[in-house]
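Working notes for the structure below.
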Amino acid sequence: MKGMNIIVVVGVVTLVSQAAAFGSNCGGKPVDTRSGRVLPQETPENFKAAFFGDQGTGHNPRGVLEAIKDWGAEMVVHVGDFDYHSDPDEFFGLVDSVFEADFPYFATIGNHDLDDWDGYEEGLVDRLNRIEDAECWGEYGVNMACNYKGLLFVLSGVGTKGRDHEEFIDKTFQQETSIWRMCQWHKNQHLYQIGGKEDETGYGVYDICRVHGAVVSTGHEHSYSRTKLMSDFASQSIANVTADDTNLTIVPGETIAWVQGLGGYDIRDVENNANENPWWAAWAASDNGVDYGFVACEFYVQGDPGRADCHFTDLSGKLWDNFTMHSSLETGVAASQPFCPTRAESQVVHPDDEQAARRSHEGRRLVLAGGPTPFATVLTFRDLSVPVLKMIGKVHLQLHGGATSTGRTTLRIRLGVPGAAPSTRSVMWELTDAPGGEVWVSPNLRPLLEEVLLPSGGVLGSVVQVYVDGIGARLEVSSVHKSKCLSPSIYFGLSGC
């Protein structure tokens, strides 16, 4: 790999960066269980809802589900990562052994659910169709909205699957209202978790929920953390630094976010003293001895439909967080703010757009590396809608691991456009023991765009090509021949309108 101007060298990069959702071409099953009746604008009195993610199987996950049942929850929202084995039968076997077949159990997709999402989706839609009073519409767990007994919430796949998540959230809360609104998804931004996760959703989804006064509930990092009342997530602006962090008034433009990834799989440490960031109101991790558990919220308390009492008590009985939310949202009134897209993405959709030196598994995988001699692959992405160069902040190649690699692989990445030579500069992407079944996200390729777009005055057309030369440990990724859901993807992070 000589003769190239290399500008970036990094270590292993997996599941990081401001990733767009993978699987934009999946075309999930639309659902619509709306009855046509006027949707309730407030919950019943003392309505109990439980929130958690990152479950797994075995004793600990069962303990969490049984604790939820013993508490008397009337609904559950599971924010992704089910059994970690891509085994829908195992997941539903556990859930069905604790809850009745028509119990209101809602879920979003997580990154560990992507490989067999069709199976999970089918089972979740079957359950949804049995839930009385569940008024839901959209693509299940990816871009779906529900009003269940007056609680209006969005189940989003942002950072994991699908596209146009911010637009869907904004449209939902423009068209439907309730005293209580929530946004649920799996992944995080780095600053809104206390472990090692990087930017994987963009701030846009956080802030469009904030604009509408919707509480944000996530998982992914296997610990617990809750923010203070925030007036802007992108700039980490706290609404009132002297306010009581246990008595919170939710209004359009000010809300909170929490991470509850202690559903039973494992418990992680705090990294880089992230718990000391000033926007945190509460946190719990392996460092301070937390056990598994869930966020428990009781709505319409003490005769007040705009009050919700919430707490996080783990399975050992220790209370880690206790707070009250007061909703000042008006029914029938939606917040408004000029909408500004923050991403654009494209996936390989045609076999001719994957020019690979090596394939395996009857063409369903691309082999990007496999020894000291470089393997060359060219990926073509079409139908892009991207503004001028100055509005592009990040560019990332996203690949779905077809198999776990053993050892170190180096990929040299260049960009190009049809009819022109690829960039002379390149970005080096190094992966070590990259896990199969995960989405691998490259370093930022934005520095390569200036050279590519110079002849066009900084304007990117609708087609871009990515040149990949790989050496080292064998590295296989999913091909469009396997699934358009899992084919290579490119993501552009945008700033400004």
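The values are calculated or read from the model by the stated rules, or taken from the named source; none is laboratory data. The model shown is predicted, which means the values in this text are computed figures rather than measured ones. Methodologically, a virtual Cβ is constructed for each residue, glycine included, from the backbone with ideal geometry; neighbour enumeration extends over all protein chains shown. When the accessible area is computed, the model is the full protein with side chains, heavy atoms only, and any ligands, DNA or RNA have been set aside. Shrake-Rupley method; radii C 1.70, N 1.55, O 1.52, S 1.80 Å.
Taking the chain as the reference, fit the longest principal axis to its C-alpha atoms, fit the long axis of helix 59-71 to the helix C-alpha atoms, and give the angle between the two in degrees, 0 to 90, nearest 10.
Between helix and principal axis, roughly 30 degrees.
Using protein chains only and a probe of 1.4 angstrom, how many square angstrom of Leu128 are accessible, to the nearest 10?
0
What are the GluC sites (Glu not before Pro) within the stretch 106-138 that DSSP puts in a loop, where the Cβ has at most 12 other Cβ atoms within 10 Å?
On the way: sites: Glu121, Glu122, Glu132, Glu135; in loops: Glu132.
When the GluC sites (Glu not before Pro) of the stretch 106-138 are filtered for loop state and at most 12 Cβ neighbours within 10 Å, Glu132 remain.
Which one of Gly436, Ser423, Gly402 has its Cα pushed farthest toward the positive end of the charge dipole of the stretch 377-438, where Lys and Arg give +1 and Asp and Glu give -1 at the Cβ?
Towards the positive end, the residue furthest out is Ser423.
Leaving out ligands and nucleic acids, and using a 1.4 Å probe, what accessible area per residue does the stretch 216-312 come to in Å²? Mind dumping the intermediate values first?
Working: 3370 Å² over 97 residues.
I get 35 Å² per residue for this part.
Quote the relative contact order of the chain in percent (integer), defining contacts as alpha-carbon pairs under 8 Å separated by 6+ residues.
Numbers: 1383 pairs, mean separation 92.4, N = 497.
The normalised contact order for the chain reaches 19 percent.
Among Trp117, Gly493, Ala214, whose Cα lies farthest out toward the positive end of the dipole of the chain, if unit charges sit on the beta carbon of Lys, Arg (+1) and Asp, Glu (-1)?
Final value for the positive-end residue is Gly493.
Give the residue list of GluC sites (Glu not before Pro) in the stretch 29-71 that are DSSP loop and have at most 15 other beta-carbon atoms within 10 angstrom. If you can, show how the numbers build up before the last one.
On the way: sites: Glu42, Glu45, Glu66; in loops: Glu42, Glu45.
Here the GluC sites (Glu not before Pro) that fit, given the DSSP loop and packing criteria, are Glu45.
Taking a 29 Å limit on the Cα-Cα distance, which of the listed pairs Lys149/Lys171; Lys149/Lys484; Lys29/Lys394; Lys29/Lys171 fall beyond it? If you can, show how the numbers build up before the last one.
Working: Lys149/Lys171 20 Å; Lys149/Lys484 37 Å; Lys29/Lys394 31 Å; Lys29/Lys171 19 Å.
Going by Cα-Cα distance, Lys149/Lys484; Lys29/Lys394 fall outside the 29 Å limit.
Rolling a 1.4 angstrom probe over the protein chains, ignoring ligands and nucleic acids, what is the accessible area of Glu438 in square angstrom, nearest 10?
Spelled out: Glu438, probe radius 1.4 Å, area about 20 Å².
Output the peptides 71-78, 394-401, 319-326 sorted from most to least packed, where packing is the average of other Cβ atoms within 10 Å over each peptide's residues. Before the final figure, lay out the partial values.
Numbers: 71-78: 20.1, 394-401: 23.9, 319-326: 16.5.
Output ranking for 71-78, 394-401, 319-326: 394-401, 71-78, 319-326.
Given the -39500 (n - 2.57) contribution per DSSP H run of 4+ residues, what per-residue ellipticity at 222 nm results for the chain, rounded to the nearest 500 deg cm²/dmol?
It lands at -4000 deg cm²/dmol.
To the nearest Å, what is the center-to-center distance of the stretch 78-145 and the stretch 348-408, using C-alpha atoms only?
Centre-to-centre distance over Cα atoms comes out at 30 Å.
Place a +1 charge on the Cβ of each Lys and Arg in the chain and a -1 charge on the Cβ of each Asp and Glu, then give the dipole magnitude about the Cα centre in debye, rounded to the nearest 20.
Details: 38 positive and 65 negative charges, 397 e Å.
In debye, rounded to 20, the chain gives about 1900.
About its Cα centre, what dipole magnitude does the stretch 131-212 give when the only charges are +1 on Lys and Arg Cβ and -1 on Asp and Glu Cβ, stated in debye to the nearest 20?
Numbers: 8 positive and 13 negative charges, 37 e Å.
Here the stretch 131-212 has a charge dipole of around 180 debye.
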